[in-house]
Amino acid sequence: MGKILIENARLINESEDILGYILIENEIISDIQEGKYIGERPEKIIDATDKIVIPGIIDDQVHFREPGLTYKADIHSESIAAVAGGVTSFMEMPNTVPQTTKIDLLNQKFDIAAEKSVANYSFYLGATNDNLEEIKKIDPKRVCGLKLFMGSSTGNMLVDDDNVLSAIFSESPVLIATHCEEESIIKKNLEYYKNLYGDRIEPYMHPLIRSEEACYVCSARAVKFAEKYGSNLHVLHISTEREVGLFERKPLKDKKITSEVCVHHLWFNDKDYKRLGNFIKWNPAIKSESDRSALIKGIESDNIDIIATDHAPHSLEEKKQSYLSAPSGGPLVQHSINVMMELYKRGEVSLHKIVEKMCRAPAMRYSVKKRGFLKKGYFADIAIIDLSNRWEVETENILYKCKWSPFDGMNFTTAVTHTIINGKIVFENGEINTSNKGMELQFDR
């Protein structure tokens, strides 16, 4: 692959914000220093003047829909979109068709990704009420985690038996990543609104049906199970102010119970349903401005540990259906860093916290081997971002297979100019090497 020099770069790395350079040799960062590079100049040089350079984003929650739902998305199409958004590694969820609840099905997804993924990858095994023996077979050095639906989102993967939950929390060989919404509360709320409105329920009622109480009760229950069994628990996509208080305000390295927030919960609030309807229908629901503000504060206070996307595309036709028929979820990986940089420019979140929560923290929490940092000897997974580049999201530049975005028509003021994966320039000024092959993530466990 040869050498690549990134020079005149503003390096955002751990607690540092310095002007310097990075030298890449083959797959690895061979040198990173403050100041000017004075060695022999390689053939490929990237001038990063007036740009920031960060570790590649590691998205710990995506749904790329393969196998079985590839009319919505697939591993190749969505990894291309991810790379355009500075995402160099992803961890993909098990609610595909068939559901990834057996090791042989998990291995099939790894095989697909080895052939088709442009970015680096790993996959979760899904938990059910009767697959504990499969869970015990998980290879901790290969598999990112176990996905546990403690509240049902899609499909039939709800695990609601206390004895089964006790066994999973006590015996899982890997981190347990939970979707937490209390199903009984959701069913009660839905029945109430159906009695009032019949099939005329509107999208703005989504956070009333999948309510704050449903989220908090289930997240608190997961935390209690983890505390009882000393489990490695990671609560995905928290969406309420109350949930923030469930998680300790201390360094990530000292935690066994952690939390994630998603970009859409940091940007939208419940008033946006009037404008965007089902296009911002996610589970858990986007909630109040007070909740959004508390989630932002939770990032800065370190109650919240990771920022991800829950990228979950559906076809435009599906999302245009009535509220009760339209599926939950939407595409985000191409635009997540742009959204976060707009929040930075608005003064809501610091640049260092964005890089920490999207790059370093996922690597630390999942013990990803030699990624997530700009560090000598680490894989050269790097994103370069122009903080003064105005562009509009429109159908022609949306790379998701579904070809829509909840940010359609929005003007962003930052742009990813380069994404480097394993020492290869995979994205450069709008051009993507779609034939690149990502690597399977390895875990130091």
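Some notes on this structure:
- Only a single criterion out of (1) assigned to a helix (DSSP H, G or I); (2) open to solvent by 40 Å² or more (accessible area, probe 1.4 Å) is not satisfied by Ala81, namely (2).
- Within this structure, Met364 fails the test of being open to solvent by 10 Å² or more (accessible area, probe 1.4 Å) and without any contact (Cβ under 8 Å) to a residue 24 or more places away in the chain.
- Boolean, Pro67 is buried (at least 23 other Cβ atoms within 10 Å of the Cβ) and at pLDDT 95 or above: no
- Flag for Leu132 being of a type outside the set (Lys, Arg), open to solvent by 20 Å² or more (accessible area, probe 1.4 Å) and at pLDDT 95 or above: yes
- Conditions (1) more than 17 Å from Gly423 (Cβ to Cβ); (2) assigned to a strand (DSSP E or B); number of the one not met by Lys36: (2)
- Tally of residues being under 16 Å from Ile337 (Cα atoms) and among the acidic types (Asp, Glu) across the stretch 391-412: 2
- For the stretch 396-423, the set of residues classified as of a type outside the set (A, V, I, L, M, F, W, C), assigned to a strand (DSSP E or B) and crowded, with 19+ Cβ neighbours inside 10 Å consists of His418, Thr419, listed by residue number.
- Residue among Pro327, Pro313, Pro331 that alone is open to solvent by 10 Å² or more (accessible area, probe 1.4 Å) and in contact with a helix residue (DSSP H, G or I) (Cβ under 8 Å, 6 or more places away or on another chain): Pro327
- Count of the stretch 205-233 residues, restricted to those that are surrounded by fewer than 17 Cβ atoms within 10 Å (Cβ to Cβ) and either farther than 24 Å from Cys144 by Cα or at pLDDT below 95 (or both), is 2.
- Among the residues of the stretch 32-46, just one is within 29 Å of the chain's Cα centre (by Cα) and open to solvent by 10 Å² or more (accessible area, probe 1.4 Å), namely Ile32.
- Subset of the stretch 164-185 [in a helix (DSSP H, G or I), of a type in the set (A, V, I, L, M) and either within 18 Å of Pro94 (Cβ to Cβ) or open to solvent by less than 10 Å² (accessible area, probe 1.4 Å) (or both)]: Val164, Leu165, Ile168
- Selection of the stretch 246-276 for residues being more than 25 Å from Leu146 (Cβ to Cβ) and open to solvent by 10 Å² or more (accessible area, probe 1.4 Å) yields Arg249, Trp267, Asn269, Asp270, Lys271, Asp272, Lys274, Arg275, Leu276.
- Ser239 of a type in the set (S, T, N, Q) and either farther than 21 Å from Asp272 by Cβ or part of a helix (DSSP H, G or I) (or both): no
The values are calculated or read from the model by the stated rules, or taken from the named source; none is laboratory data. This one's a predicted model, so the numbers in the text were calculated from it and none came from an experiment. Positions of Cβ are generated from backbone atoms using ideal geometry, with glycine treated the same way; all protein chains shown enter the neighbour counts. Calculation scope for accessible area: heavy atoms of the full protein, side chains included, ligands and nucleic acids excluded. Shrake-Rupley method; radii C 1.70, N 1.55, O 1.52, S 1.80 Å.
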